[in-house]
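What follows is a single structure, written as structure tokens, with notes after it.
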């Protein structure tokens, strides 16, 4: 009998202890040993990827799949196929933009039925915290959602209203009691209401309509509520670097707060957005180059915990590319397939390493979500890998993207890093969906 089902060798295996030559040994879809590169191990199959890096499969905890209800926007089959093409082996689906949103156990069950047998990577689910569903939070938590998402301002869809005032604090106290995390779209409506309304083709007019104060004031409020309630708070898609000192102080005070940012805030800048190029619109917005560099500093020092895509698709007509009106266009960037190369392109320019990449986009999001067995090449974890050529470049062709509507601000952009293959639990991802649906505590 052979000791292992498969072993994978690389001269650049990225583990929690660093990057180096190694042999990763897999049995029953699980990593059971990490040995030296030349180790003599018995295996039914040996795969040597040479100089290509073996990364842990990326974990993208911010993906809007939109199924059921808005499957003309996206769906589990297309979203997870795009994830696999980009080296992402686990996603966690956001609770809004589907109908029904994931704000009750019956709604979660509806979503699970929609996802069943259609996922090319493993999929978990966030629940939603909205006005009127406080009584549902414990049941959703027990049903296995990984945490709860809320908005402090209009979410853009009527099925998922904002949580504010006493309802926000009450929900946080309940989640604190449950030991569950609250994920927050941290923009307050008041600074936005005081800003000029967005309209027309000029990106800078849209940028002025979402001032950084909407984020910085929201995050200051969340720090105070975290202090009062003890609830774990995770701020999603940080774009305003001015909030970083607030996070540093919150960490110094021992508050259970984490924060993510996204590749578009680290790669793109307001100055480069052409007039009418609504494929760049997202909320909060892509800000100026100086802000981008401050975000990189926050990531490098560990104030920002992780980088995830905020894959947020819609139908092409909602992007209003015919008129280029930023005020009317849907805000969202579809980038689950490009998360890895987009992040690596800019990280490598700044001297960051492959283990930085794995920490930000695999281990970090897995830790934030509490995804056991994911995000690191380590004994006992799922054998999820991305085989990655970090020196190779490619030009983004929208026709090669697998999400439902290939609209992207990265079109024609040269990126560094090519995903050669993606492995899920010890086997390369192929045409047949093999992804599992994950529950909190059982991933």
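Just so you know, all these numbers are worked out from the coordinates, no wet-lab data involved. Predicted, not measured: the structure shown is a model, and the values here were computed from it. Methodologically, a virtual Cβ is constructed for each residue, glycine included, from the backbone with ideal geometry; neighbour enumeration extends over all protein chains shown.
What the table shows:
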{"quantity": "Helix 134-143 axis, angle to the chain major axis (alpha carbon atoms, nearest 10°)", "calculated": "0"}
{"quantity": "FRET efficiency for residue 372 and residue 427, using Cβ-Cβ distance with R0 set to 22 Å, rounded to 0.05", "calculated": "0.60"}
{"quantity": "Region 6-48: Rg to Rh, with Rh as the Kirkwood radius over Cα pairs", "calculated": "0.94"}
{"quantity": "Burial ranking of peptide ranges 82-95, 370-383 (average Cβ count within 10 Å, highest at the top)", "calculated": "82-95, 370-383"}
{"quantity": "Mean Cα-pair separation over length for the chain, i.e. relative contact order, pairs under 8 Å, 6 or more apart, %", "calculated": "22"}
{"quantity": "Theoretical ellipticity at 222 nm over the chain - DSSP helices of four or more residues, -39500 (n - 2.57) apiece, nearest 500", "calculated": "-8000 deg cm²/dmol"}
{"quantity": "Cα Rg, Dmax, region 303-393, angstrom units", "calculated": "16.6, 53"}
{"quantity": "Relative exposure of 113, 292, 11, 177, judged by other C-beta atoms within 10 Å (fewest first)", "calculated": "113, 177, 11, 292"}
{"quantity": "Ranked packing of 64-76, 156-168, most packed first, by mean Cβ within 10 Å", "calculated": "64-76, 156-168"}
{"quantity": "Ratio of Rg to Rh over the chain (Cα coordinates, Kirkwood Rh, two decimals)", "calculated": "0.96"}
{"quantity": "Nearest-0.05 FRET efficiency for residue 288 and residue 249, computed from C-beta distance (R0 30 Å)", "calculated": "0.80"}
{"quantity": "For the chain, share of DSSP beta bridges that run antiparallel, in % to the nearest 5", "calculated": "45"}
{"quantity": "Degrees between helix 76-85 axis and first principal axis of the chain (Cα, 0 to 90, nearest 10)", "calculated": "60"}
{"quantity": "Centre separation in Å (Cα based) which lies between region 121-190 and region 218-259", "calculated": "16"}
{"quantity": "Ranked packing of 211-219, 34-42, 233-241, most packed first, by mean Cβ within 10 Å", "calculated": "233-241, 211-219, 34-42"}
{"quantity": "Virtual spin-label span in nm between residue 355 and residue 157, 7 Å along Cα→Cβ", "calculated": "4.0"}
